[in-house]
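What follows is a short report on a single structure.
The values are calculated or read from the model by the stated rules, or taken from the named source; none is laboratory data. Keep in mind it's a predicted model, so treat the numbers as computed, not measured. Cβ atoms come from the backbone with ideal geometry, glycine included; neighbour counts cover every protein chain shown. Note: areas computed on protein heavy atoms with side chains; ligands, DNA, RNA excluded. Shrake-Rupley method; radii C 1.70, N 1.55, O 1.52, S 1.80 Å.
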Amino acid sequence: MSDLPKSYDPSVIEKRWYAEWMARGYFHGDAAAPKAPFSIVIPPPNVTGYLHMGHALGRTIEDIFTRWKRMAAYNAMWLPGTDHAGIATQMVVERDLKEREGKSRHDLGREAFTERVWQWREKYGNRILEQLRVMGCSLDWDRTRFTMEPAYSRAVIEVFVRLHEEGLVYRAKRLINWCVSCRTALSDLEVEYDEGAQGELYEFAYPLADGSGEVVVATTRPETMLGDTAVAVHPDDPRHQSKIGKLIKHPFVAREFPIIADGQLVDPKFGTGAVKVTPAHDPNDFECGQRHQLASISILDEQGAVTAEGGPFAGLDRAAARKAVKARLKELGLERGSKPHVHAVGHCQRCNTVVEPMLSTQWFVKMEPLAQPAIKAVEEGKTRFVPESWGKTYMHWMTNIRDWCVSRQLWWGHRIPAYHCATCREITVARDTPKACSKCGGAELRQDDDVLDTWFSSWLWPFATLGWPDETRELRTFYPTTLLVTGYDILFFWVARMLMAGLHFCGKVPFRTVYLHTLVTDEHGDKMSKVKGNVIDPVDVIAQHGADALRFALAWLTTQAAQGKNIKFSMSNVEDARRFANKIWNAARFVLMNLEDYDPNRYADRTAEGPDGAEFELPERWILSRVQRATEEVNRALDEYRVADAAQAVYHFIWDEVCDWCIELAKPALSKEAPPHKLAERWKVQGALVTAMETAMRLLHPFMPFLTEEIWQTLPKPVAASQSIMITMYPIPDVRFLDDASEASMALVQKVVSAIRSLRAENNVPLSFRSRVFLNVADDYRKTILDGYQKLVSEQARCREVAVRRGGEPPVGPTAVAVAGDVEIVLMIEGTADAGAERTKLEKERTKLTSDRDFLAKKLTNPQFVERAPAAVLEKDRARLAELETALVRVAAALGRL
RNA sequence: AGGCGAGUAGCUCAGUGGUAGAGCAGGCGCCUUACACGCGCCGGGUCGCAGGUUCAAUCCCUGUCUCGCCUACCA
């Protein structure tokens, strides 16, 4: 055992254990198990995806909770899978096709191209799942799902058809967002606005048809004037009132259109107070057009080129058209100036092309009826958000929800189950390809070319993955899922929609708790991007420092962050975690090196009824009590989704208590030079040490699964122990081992030891010099405690002798003095003490003590405080005041002696 | 424009109605036989600013400044 290497090397261990866990089937959640379920569905990564820090964070959190609950005897099931990611995947494969063969998808045709995407997916689509294995994620791989697999597709079609039957899916000609590069419609959410883009507000004049003058309008998109069908002014605007009802003659195309009054569209304070109205290319203008029965003229085609409606500009790309229109207006003397104008321009989320509002026939989902129950469910607390504040954001969006454009003009995705009749143009929506038109009986039917928005399949994920629409055992056992963990960036895209779908199709919320984590940025708060070159690749991190280090670093940083704040991640976080792993490794080495003659069964027998059976010394009673505190703290933190607090609690328990004190306190008893009577008692020290370590490993396992398994396996355990730490019980506090008195005594010992070390350091007393120390105490209680533990103090503070006394003559010779609480510590030092330094220090301390004392004294003589403050606070302050008084006397005395 | 949120140690962040904590960084000293990926010690904060409530405010309220995010709009 003692031949473990001096440093921890994760590389070998991690691979070995993951394979072992898989082989033993530990990750599988049995739908028939008679245990309380705990289920999570993974946010399915895109098949094009590779692991990035955001995934690493989310999956670490999920694995922490899954492993924790699994150990806590829940029927834990964490479902993996991938998303077909319509546009993203199609783009990747198109690019690949272009690079390899110089072909476009149109060269291949729909069927061959789709086949190509499937091949690509077979080859690369599981890459990210492999990476999750490297991270140690305890996913139930038998349940891996894919949003385009037949069973899942069936659910998607079912949902579309049902919504259609319910009148919640409709087809309509609406103004939608169109990406001329992806050549598809987009939902509102898929349009990103880059705020504050510097643009131009261009003004030009429309001549009135009767020659009586002109009206000047302003626009940021001059080319859209080709589709103008009105100019609107405010009805109360005196500048324009006389023009209302007059006609404008379009300068380029043979068309006249009216000047209308519209108080909704026009803000008289903006620009010239006259607005050009282009119903086919602007959402507000579209609505205005509806109000006034204006014609809608589409002047751009699906590629962004001007249509025949654009007259002389037909065929020009929209950018060229803008230039040409401006040039022509100038020629005609209609240009009226331009000024810089900051406004937001919508871009395609996938390709960053400027999105055009276009009039187009698309499929929509009516959202308001779906949103109502989902709003109610959150109001009633059926699903709660962590951090809570996200609930408000959710509510805001849900109460202002707009219909969802779900059709996409792509090839990769679920084809819409709508069939167009060639004879009567009726559309039949059906689960299976219909034989004949539902209206005229015509047999010539053509399926709609469009596919569904990727999110139209994702929003079914929590139940479609469990077998819906069939009423499966999986669904009964694991739905609603317990927890959903995802980034806040897809709150609307995914979380809100899942709530709506879950309630609508299953009648229950899809998850009880939504944990929204932050985004991970680089250490300066900048988004990681390949272009900037600041990407930290989790796979590299794991290769360098191990998955445990990465996971622990992320867990450490995972506070319930406020909105708008990110996790600033740097390699130094991982290095810190790695040092922690190494520390644990070495603590384990120490324990294992000192287990001669140790019998875990004997220890288990003697402590089966609690600590009394073993007659422990203070360090053992103390650490076994601290084990319970740590256990309590970690469980509570996890219960409350405080991941960082949980990680930090284990960290401090292991490092500060087990390593810094427990092991140090154990050393004398374990020493080869220990006297024979001590040797007989050694099993208690070993037992407490092993217990502390073993419990610590279980507490830490959800965070650092590999290291804890490796160490746990080597620790001695009673014969009936499990095969793996993964399937042992998560620690729960054992109140029989709680020992307030021992914790208080140990706290005093620690305080005194620290004070002595401090004195030694300040006076440069070398480690080799064994000092004599006098501890002057105020009461018999303290004296009794310290008398009992003076041996511990002298061992830990490296003293020759520790004498505890109440008063008595000051020792002869040079001393250094400190006060720890109300214990005065007098350290005999060799040579001369630095009296000046000592005086300065003591005086500083006196100043601090005095100010504290005065503050408290004043407070305690304030009648209003004494009258109104709670008794507990009063009592605490009085005790503190007494302590300060004693300490002051000690310091004053020490100063007097100098 | 509306909403959400943040301003606490050099940095990154916790935190509580009773005069503040962690990790890292910094300084000093140590190879004290588990660990130098380590050990011991030390320094460092009028808790953004101004008012208010309270016996008591870093914490609650109001205002204000700065920063971040979200939604909508921007002819």
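Given the condition among the acidic types (Asp, Glu), free of Cβ contacts under 8 Å to residues at least 60 places away in the same chain and open to solvent by less than 80 Å² (accessible area, probe 1.4 Å), answer yes or no: does some residue in region A:812-830 qualify?
Checked region A:812-830: no residue is among the acidic types (Asp, Glu), free of Cβ contacts under 8 Å to residues at least 60 places away in the same chain and open to solvent by less than 80 Å² (accessible area, probe 1.4 Å).
Can you pull out every residue in region A:872-891 that is open to solvent by less than 50 Å² (accessible area, probe 1.4 Å) and not β-branched (Val, Ile, Thr)?
Across region A:872-891, the qualifying residues are A:Leu874, A:Asp877, A:Leu881, A:Leu884, A:Ala887, A:Leu888, A:Arg890.
Give, as residue ranges, the helices (runs of 4 or more DSSP H) completely inside region A:768-876 that count at least 1 residues that are away from RNA strand B (no atom under 13 Å from the Cβ) and not aromatic (Phe, Trp, Tyr).
Where helices (runs of 4 or more DSSP H) fall fully within region A:768-876 and carry at least 1 residues being away from RNA strand B (no atom under 13 Å from the Cβ) and not aromatic (Phe, Trp, Tyr), they are A:780-797, A:835-861.
Could you tell me how many of the residues in region A:40-58 are assigned to a helix (DSSP H, G or I) and either away from RNA strand B (no atom under 16 Å from the Cβ) or farther than 22 Å from A:Ala76 by Cα (or both)? Give the steps one after another, and end with the answer.
If we filter region A:40-58 for residues that are assigned to a helix (DSSP H, G or I), which is where we start, we get A:53-58.
Subset that is either away from RNA strand B (no atom under 16 Å from the Cβ) or farther than 22 Å from A:Ala76 by Cα (or both): A:53-56, A:58.
Total meeting the criteria: 5.
From (1) open to solvent by 10 Å² or more (accessible area, probe 1.4 Å); (2) away from RNA strand B (no atom under 13 Å from the Cβ); (3) in a strand (DSSP E or B), pick out the condition that doesn't hold for A:Ile248.
Status for A:Ile248: all satisfied but (1).
Return a yes/no flag: does region A:743-762 have any residue that is open to solvent by 50 Å² or more (accessible area, probe 1.4 Å), away from RNA strand B (no atom under 15 Å from the Cβ) and modelled with pLDDT of 90 or more.
Within region A:743-762 (the criterion being open to solvent by 50 Å² or more (accessible area, probe 1.4 Å), away from RNA strand B (no atom under 15 Å from the Cβ) and modelled with pLDDT of 90 or more), the answer is yes, since at least one residue qualifies.
Answer yes or no: is there a residue in region A:13-36 that is touching a Pro at 6+ places or on another chain (Cβ under 7 Å), in contact (Cβ under 8 Å) with a residue 12 or more places away in the chain and within 16 Å of RNA strand B (Cβ to nearest atom).
No; the residues of region A:13-36 include none that is touching a Pro at 6+ places or on another chain (Cβ under 7 Å), in contact (Cβ under 8 Å) with a residue 12 or more places away in the chain and within 16 Å of RNA strand B (Cβ to nearest atom).
Which of the following residues is open to solvent by 10 Å² or more (accessible area, probe 1.4 Å) and either assigned to a helix (DSSP H, G or I) or free of Cβ contacts under 8 Å to residues at least 12 places away in the same chain (or both): A:Gly467, A:Gly441, A:Gly502?
A:Gly441
I'd like the full set of residues that are of a type outside the set (Ser, Thr, Tyr) and either under 24 Å from A:Ala88 (Cβ atoms) or part of a helix (DSSP H, G or I) (or both), limited to region A:10-39.
Across region A:10-39, the qualifying residues are A:Pro10, A:Val12, A:Ile13, A:Glu14, A:Lys15, A:Arg16, A:Trp17, A:Ala19, A:Glu20, A:Trp21, A:Met22, A:Ala23.
Would you pick out the residues in region A:25-39 that are farther than 12 Å from A:Tyr74 by Cα and either surrounded by 22 or more Cβ atoms within 10 Å (Cβ to Cβ) or aromatic (Phe, Trp, Tyr) (or both)?
A:Tyr26, A:Phe27
So A:Gly310 passes all but one of these: (1) open to solvent by 10 Å² or more (accessible area, probe 1.4 Å); (2) closer than 20 Å to A:Glu335 by Cα. Which condition number does it fail?
(1)
Of the residues A:Arg110, A:Arg16, A:Arg70, which single one is of a type in the set (D, E, K, R) and over 30 Å from A:Arg578 (Cβ atoms)? Break it down into steps so the answer makes sense when it comes.
Numbers: A:Arg16 fails: over 30 Å from A:Arg578 (Cβ atoms); A:Arg70 fails: over 30 Å from A:Arg578 (Cβ atoms).
That would be A:Arg110, the only listed residue that is of a type in the set (D, E, K, R) and over 30 Å from A:Arg578 (Cβ atoms).
What do you reckon, is A:Ala327 within 13 Å of RNA strand B (Cβ to nearest atom) and exposed (fewer than 14 other Cβ atoms within 10 Å of the Cβ)?
Spelling it out, it is not the case that A:Ala327 is within 13 Å of RNA strand B (Cβ to nearest atom) and exposed (fewer than 14 other Cβ atoms within 10 Å of the Cβ).
Would you please list the contacts, defined by Cβ atoms under 9 Å and residues six or more apart or on different chains, that run from a residue in region A:555-575 that is among the charged types (D, E, K, R) and modelled with pLDDT of 90 or more to a residue that is part of a loop (DSSP other than H, G, I, E, B) and surrounded by fewer than 15 Cβ atoms within 10 Å (Cβ to Cβ)?
A:Lys568/A:Glu523; A:Lys568/A:His524; A:Lys568/A:Gly525
Among residues belonging to region A:470-489 that are in a helix (DSSP H, G or I) and farther than 19 Å from A:Phe146 by Cα, point out the one that is farthest from the chain's Cα centre (by Cα).
Our first condition is that a residue be in a helix (DSSP H, G or I); within region A:470-489, this holds for A:473-478, A:488-489.
Next cut, farther than 19 Å from A:Phe146 by Cα only: A:473, A:476-477, A:488-489.
On the way: A:Arg473: 31, A:Arg476: 28, A:Thr477: 26, A:Tyr488: 8, A:Asp489: 10 Å.
Ranking the qualifying residues of region A:470-489, first place goes to A:Arg473.
Need pairs with beta-carbon distance below 6 Å; first residue under 12 Å from A:Cys288 (Cα atoms) and within region A:255-269, second in a loop (DSSP other than H, G, I, E, B); sequence gap 6+ or separate chains.
A:Ala261/A:Pro235; A:Ala261/A:Ile244; A:Gly263/A:His234; A:Gly263/A:Pro235; A:Val266/A:His234
Note down all Cβ pairs under 9 Å where the first residue falls in region A:578-603 and is within 27 Å of A:Ala553 (Cα to Cα), the second is aromatic (Phe, Trp, Tyr) and more than 8 Å from RNA strand B (Cβ to nearest atom), and they're at least six residues apart or on different chains.
A:Arg578/A:Phe552; A:Phe580/A:Phe552; A:Ala581/A:Phe552
Which numbered condition in (1) touching a helix residue (DSSP H, G or I) at 6+ places or on another chain (Cβ under 7 Å); (2) at positive phi is the only one that A:Glu615 fails?
Evaluating A:Glu615 over (1) touching a helix residue (DSSP H, G or I) at 6+ places or on another chain (Cβ under 7 Å); (2) at positive phi leaves (1) as the failure.
Looking at (1) modelled with pLDDT under 95; (2) of a type in the set (A, V, I, L, M); (3) closer than 30 Å to A:Pro5 by Cα, can you tell me which one A:Ala608 breaks?
Looking at each condition in turn, A:Ala608 falls short on (3).
Suppose we filter region A:691-707 for residues that are touching a residue at least 60 places away in the same chain (Cβ under 8 Å) and either open to solvent by 10 Å² or more (accessible area, probe 1.4 Å) or not hydrophobic (A, V, I, L, M, F, W, C) (or both); how many remain?
Within region A:691-707, residues that are touching a residue at least 60 places away in the same chain (Cβ under 8 Å) and either open to solvent by 10 Å² or more (accessible area, probe 1.4 Å) or not hydrophobic (A, V, I, L, M, F, W, C) (or both) number 6.
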